[in-house]
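Participant: The following block contains the structure, expressed as structure tokens.
Values quoted throughout were computed directly from the atomic coordinates according to the rules given, and no laboratory measurement underlies them. No experiment lies behind these values; they were computed from the predicted model shown. Counting neighbours? That spans all protein chains shown, and the Cβs are built from the backbone with ideal geometry, glycine included.
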Amino acid sequence: MKGTVLYAVIAAALLGVCVPGPREAEARLSLEKCTLCHGKPEFRKILVDGKIQELFVTGDSLKGSVHEKKTCVDCHFDVSEIPHRERPRRVNCTHCHYKGNAEGAPQSDGYLAYFESVHGKAIARGNAKAPLCQDCHGSHAILKAKSQASLVAQGKVAETCGRCHIEIYAQYKTSVHGVAVAKGIKEAPSCTGCHGEHKIYSPKDPKSTVFATHVADQCSKCHASVSIMGKFGIETEQVATYKESFHGVASQFGSRTVANCASCHGTHDIRPEADPLSSVNPKNVPKTCGKCHPGANANVAVGKMHVDAKKKEAGIVYYVASFFKYLTIGTMLALIVHIVLDMYGRTKRLRGEK
């Protein structure tokens, strides 16, 4: 028997035929068994909530993916017999994806950040609808994040998040950021650009990048960058003027209720000022400001919002600010001169007394 196998291998080598190794043979055997059922296009299951779960998988399902060389049981390791009597548990990606793994998976502790995130905590509470790794990255056709076809690529991640966050996705898709991403502008932020990737916290959590007191800093990562904003002809002074304003100063001191960028411009539905649907369009400004300042009328939209008192373009604000600036400097200088003269006089009097 051993001689027969040996002759077969030698013959195959002479004929130029590739003989699968033990690992490849195991993978083929596993795939052949699994596709007896999963290889049928009509193989699917109707879930309790009425949704249809496709169970159709073929040998091509992993081609081109990061798991191309993996077998079915490498991920579905709880399947010990075919057909399996019990429904396999959801794939646990941390079986390979952890720092220090020997599987060749990325050396990252991203899963630890996930467990601390709003999604991970929801899973821990027993929420079966909360997303796991495969819900965002995909199941079989998982591509590298740098690939444009990846579900978590900049151009597609909003659509991926939108599977659960439908209303938010609808708002984002038509926003200035969503439109820019659709055009392929790499600098435009998608969901992960503001909320983070694995370490996503609730907006009410102080650790969140979009917590009330962190919003201005998060937005300024792009809007304070001359190199980024310069490409699109957008001014960067808004960041500095906000931080110097009453709202900005109050926010830096920890106020959670004072207006931040999102309070005025919106969160997911941010639109250009000229857009009639924009919350900062002159016609909508009274309503926007009125959320905090009841009784706000059309007059609040007359002047410039982000005023830089250091520039003459600010008009009377520039001259008033300059007046008080030099008045303060003059007063301090006069005070210093007065103190010096007073000390000089006291010194002379003391010397005279001696």
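Participant: Can you pick out the pairs among Lys156/Lys287; Lys45/Lys70; Lys33/Lys156; Lys33/Lys63 whose Cα atoms lie more than 27 Å from each other? Can you show the working numbers first?
Facilitator: Values: Lys156/Lys287 34 Å; Lys45/Lys70 25 Å; Lys33/Lys156 34 Å; Lys33/Lys63 18 Å.
Where the Cα-Cα span goes over 27 Å, the pairs concerned are Lys156/Lys287; Lys33/Lys156.
Participant: Another question about this same structure. Take Ser108 and Val249, extend 7 Å from each Cα along the Cα→Cβ direction, and tell me the distance between the two endpoints in nm.
Facilitator: 4.3 nm
Participant: Something else: Using the count of nearby Cβ atoms within 10 Å as a rough guide to exposure, how do Phe253, Phe77 rank from fewest to most? Don't jump to the answer; show the numbers that get you there.
Facilitator: Values: Phe253 9, Phe77 13.
Fewest-to-most Cβ neighbours within 10 Å comes out as Phe253, Phe77.
Participant: May I pose another question? Might you report the magnitude of the Cβ-based charge dipole of the chain about its Cα centre, with Lys and Arg at +1 and Asp and Glu at -1, to the nearest 20 debye?
Facilitator: Details: 47 positive and 32 negative charges, 196 e Å.
So the dipole magnitude of the chain works out to roughly 940 debye.
Participant: Whole percent per 10 Å bin, from 0 to the bin with the longest distance: what is P(r) over all C-alpha pairs of the range 109-200?
Facilitator: In order of increasing distance, the bins hold 16, 47, 32, 5 percent.
Participant: Alpha carbon centre of the range 101-131 versus the range 168-246: separation in Å?
Facilitator: Using only Cα atoms, the two centres lie 25 Å from each other.
Participant: Follow-up. Mind jotting down a quarter of the surface of the convex hull over the alpha carbons of the chain, in square nanometres, one decimal?
Facilitator: On the way: hull surface 140.8 nm².
Averaged projected hull area, Cα only: 35.2 nm².
Participant: Cross-link candidates for Lys40: which aspartates and glutamates have Cα within less than 13 Å, leaving aside residues fewer than 8 places away along the same chain?
Facilitator: The reachable aspartates and glutamates, counting only those whose Cα sits under 13 Å from Lys40, are Glu32, Glu54.
Participant: What are the DSSP H helices in the chain that stretch 27 Å or more along their long axis, judged by alpha-carbon atoms, and whose average Kyte-Doolittle hydropathy comes to at least 0.5? Spell out each step's value before the answer.
Facilitator: Details: long enough: 316-353 (55 Å, 0.68).
Correct list, ordered by number: 316-353.
Participant: Go ahead and run the numbers for FRET between Tyr319 and Lys183, Cβ-Cβ distance against an R0 of 41 Å, rounding to 0.05. Intermediate results must be reported in sequence, preceding the final value.
Facilitator: Details: r = 42 Å, r/R0 = 1.03.
My answer for the efficiency is 0.45.
Participant: For a quick check: sort Leu350, Leu143 by the number of other beta carbons within 10 angstrom, fewest at the front.
Facilitator: Values: Leu350 9, Leu143 17.
Listing Leu350, Leu143 from fewest to most nearby Cβ atoms yields Leu350, Leu143.
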